[in-house]
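First the structure, in the form of structure tokens, and then the observations on it.
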Amino acid sequence: MGSRVQRIRALVWFVLWASGVVNPSTVLLGQEEELMSGFTGFHFLSIEKSCLFLLKEQASHPDVLEADAKQIAEMARQTFDTDGPLLVVASGRDTIPVSSAIKHLAPENVFVVQIQHPRSHLNRFDLVITPLHDYYPLTPEGQGQIPWFLRRWITPREPPGSNVVLTVGALHQADFTALRNAASAWHAELAPLPRPLLVVNIGGPARNCSYGVDLGKRLAAMLQNVLWSCGCVRISFSRRTPEKLSRILMKEFGTNPKVYIWDGEGCNPHMGHLACADAFVITADSVSMLSEACSTGLPELPAGTRSGSTIHW
């Protein structure tokens with residue numbers, strides 16, 4: 001089955017692939033052969049929310065199975081002698097009951113990988129992959145405010161166990177290969193634009209980030225202040241962006257020739273923007289958007305920097 005290093009690398013690549021975090025047609029170019037050679041004899045099973053995807057070799061589309069832990073555990077036991085362990089990759093906290101139940105029912109026949117912090121009893125899984133910021137969500141001051149009898153459930157063990165892999169930032173698709181392909185795909189549209197190109201990615205309300213009219217006005221004022229220094233500005237809203245905020249920016253910049261606002265129609269320019277931007281303004285509600293922007297290699301500098309920076313807002 002290859003060396004231990006090959007198996008570990010293959011597992012990490014597969015976890016990203018099976019969970020939908022990366023696109024195998026782009027990110028795994030050059031690594032797909034290593035991936036498969038590292039796990040010869042394994043079935044691959046990925047849980048995404050309430051659906052399970054059984055990935056078969058040479059299959060163009062995965063078969064969708066009901067998220068039935070007993071059924072999957074029984075399948076793992078029946079196929080173990082001929083096909084080896086069943087690799088179960090679960091992404092998101094909604095999948096924890098199913099993935100942990102599978103491990104409990106067939107502990108010797110499955111290898112369970114859980115993506116995102118399960119919060120408790122991490123030994124239920126063979127491997128946990130979680131962003132660093134998710135594993136350590138509280139500052140020391142914040143942890144001190146938690147009643148002592150709840151701390152073991154909320155604060156993690158330090159250091160993490162050997163079955164925990166911590167990542168810097170959120171898992172996402174914007175690696176070198178994906179950005180290179182996006183730059184090529186969007187070259188005709190984005191390359192001729194005046195520079196520097198400022199990309200503004202706007203998310204939506206979160207627990208610690210409200211999206212009121214005040215935020216829209218502040219964001220519009222900030223963009224007006226830096227507009228003179230930009231060759232052009234391209235603004236994208238997410239599906240979570242409140243209409244009241246998008247209306248403010250549309251009214252402020254909708255007729256400005258230096259500003260393009262994607263209206264949600266046609267191809268999503270997000271990956272092209274990541275590949276071609278000289279600077280970013282990112283709303284602070286989304287760690288994923290921030291992680292993507294940081295992965296482009298542009299330095300993170302204070303708000304107001306003219307180019308080559310990622311700015312939190």
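The values are calculated or read from the model by the stated rules, or taken from the named source; none is laboratory data. Because the structure is predicted, anything quoted here is derived from the model rather than measured. Every residue, glycine as well, gets a Cβ built from its backbone with ideal geometry; the counts of neighbours run over all protein chains shown. These area figures cover heavy atoms from the full protein model, side chains too; ligands, DNA and RNA do not enter into them. Shrake-Rupley method; radii C 1.70, N 1.55, O 1.52, S 1.80 Å.
In this structure Asp278 has an accessible area near 50 Å², from a 1.4 Å probe over the protein heavy atoms. Computed over protein heavy atoms with a 1.4 angstrom probe, the accessible surface ordering of Glu292, Glu243, largest first, is Glu243, Glu292.
Under the convention that each Lys and Arg Cβ holds +1 and each Asp and Glu Cβ holds -1, the size of the dipole of segment 191-303 around its Cα centre is about 240 debye.
Dipole of segment 176-296 computed with +1 at Lys/Arg Cβ and -1 at Asp/Glu Cβ about the Cα centre; of Asn225, His187, Met289, farthest Cα towards the positive end is Asn225.
Just add up the charged neighbours of Leu105: K/R +1, D/E -1, any other residue whose Cβ is under 9 Å from the Cβ of Leu105. Mind showing how you got there, number by number?
Values: positive: Lys70, Arg77, Lys103; negative: Glu74.
Residues near Leu105 contribute +2 overall.
Protein-only accessible surface at a 1.4 angstrom probe places the residues Ser238, Ser99 in the order Ser238, Ser99, largest first. Net length available on complete extension from Trp262 to Asp94 is 57.3 nm, with 0.36 nm assigned per residue and the Cα-Cα distance removed. Within the shell of other residues whose beta carbon sits under 12 angstrom from the beta carbon of Phe80, the net charge comes to -3, with Lys and Arg scored +1 and Asp and Glu -1. For segment 229-293, trypsin sites (Lys or Arg not before Pro) meeting the loop criterion (DSSP other than H, G, I, E, B) and having at most 10 other Cβ atoms within 10 Å: Arg239.
How big is the antiparallel share of DSSP beta bridges in segment 176-296, given as a percent to the nearest 5? If you can, show how the numbers build up before the last one.
Values: 1 of 14 bridges.
In segment 176-296, DSSP labels about 5 percent of beta bridges as antiparallel.
Rg of the Cα atoms in segment 176-296, relative to 2.2 N^0.38 Å, amounts to 1.02.
When only the heavy atoms of the protein chains count and the probe is 1.4 Å, how do Leu190, Leu150, Leu179 rank by accessible area, highest first?
From most accessible down to least: Leu150, Leu179, Leu190.
Computed with every protein chain present, the accessible area of Val165 is close to 50 Å² [probe 1.4 Å].
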